[in-house]
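First the structure, in the form of structure tokens, and then the observations on it.
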Amino acid sequence: DGGITQSPKYLFRKEGQNVTLSCEQNLNHDAMYWYRQDPGQGLRLIYYSQIVNDFQKGDIAEGYSVSREKKESFPLTVTSAQKNPTAFYLCASSETGTSPGYTFGSGTRLTVV
Amino acid sequence: AQSVTQLGSHVSVSEGALVLLRCNYSSSVPPYLFWYVQYPNQGLQLLLKYTSAATLVKGINGFEAEFKKSETSFHLTKPSAHMSDAAEYFCAVSSSGGYNKLIFGAGTRLAVHP
């Protein structure tokens, strides 16, 4: 079945470490997105990519980096510059064009220890 | 700029009662509107979407929503709540422009009591 796979489900990071969250899709979608979710704040867009080898900053890109070397993959790196990284991270994908909606992965919960 | 406001961060209903989750949007162009559901520690699942066809949209699990342009609303309803409906619900609007960026509301947590 087609879908989006995020790994790992749970991730722990020490202060000062960079960590990378994986997102893979087999839906043949051109566009992919990373959101951060905090209690009571809904979803906030970190980065998005409409096509391979191109990506754009979202509303809260500081302290994060991404790459899009393959259509299927859109990994997110949480760098040591992100001062408050503890959150639930969601990856999504969509077709391009108007109004297709998103397909979401099951998320990665990152905790700083 | 587009925005979404969900009225009520928490809603509690009894099993079998009507579910009404409110969503108002702001958009300078005809919007596309979505409702998503999220169960604990999971991703979001699409319940239904409005794309300028019928104003009453039926979705999965017995939910429906009505687009009312005059009220800039897209409220989600279900005639009879089930315990399994307990979850967080997000309303979203798509932005204008050349791609499908979704703007999400803050979410409404629905509790269903026996």
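Does region A:3-21 contain any residue that is exposed (fewer than 13 other Cβ atoms within 10 Å of the Cβ) and among the basic types (Lys, Arg)? Scanning region A:3-21, I find at least one residue that is exposed (fewer than 13 other Cβ atoms within 10 Å of the Cβ) and among the basic types (Lys, Arg), so the answer is yes.
Among the residues here, A:Asn28 does not qualify as among the polar types (S, T, N, Q), assigned to a loop (DSSP other than H, G, I, E, B), under 30 Å from B:Thr5 (Cα atoms) and more than 14 Å from chain B (Cβ to nearest Cβ).
Looking at the structure I just gave you, is A:Asp59 within 14 Å of chain B (Cβ to nearest Cβ) and more than 20 Å from B:Gln38 (Cα to Cα)? Yes.
Looking only at region B:44-103, filter to residues that are surrounded by fewer than 18 Cβ atoms within 10 Å (Cβ to Cβ) and under 11 Å from the mean Cα position of the chain (by Cα); which one of those is farthest from the other protein chains (Cβ to nearest Cβ)? The extreme case among them is B:Thr77. Scanning region B:16-38 for residues that are surrounded by 13 or more Cβ atoms within 10 Å (Cβ to Cβ) and over 18 Å from B:Val57 (Cα atoms) yields B:Ala17, B:Ser26, B:Ser27, B:Gln38.
For region B:27-36, the condition holds for at least one residue, the condition being that it is more than 14 Å from chain A (Cβ to nearest Cβ) and either farther than 30 Å from A:Tyr10 by Cα or among the aliphatic types (A, V, I, L, M) (or both). With respect to the conditions (1) modelled with pLDDT under 95; (2) among the charged types (D, E, K, R); (3) touching a Phe, Trp or Tyr at 6+ places or on another chain (Cβ under 6 Å), B:Lys78 lacks only one, and its number is (1). Counting the residues of region A:31-60 that are surrounded by 17 or more Cβ atoms within 10 Å (Cβ to Cβ) and in a loop (DSSP other than H, G, I, E, B) gives 2. Is it true that A:Ile46 is aliphatic (A, V, I, L, M), under 24 Å from B:Pro40 (Cα atoms), away from every other protein chain (no Cβ under 11 Å) and under 12 Å from the mean Cα position of the chain (by Cα)? So A:Ile46 fits the description; yes.
The values are calculated or read from the model by the stated rules, or taken from the named source; none is laboratory data. Being a predicted model, the structure only gives us computed values, none of them experimental. A quick note on method: Cβ atoms are made from the backbone with ideal geometry, for glycine too, and the neighbour counts reach across all protein chains shown.
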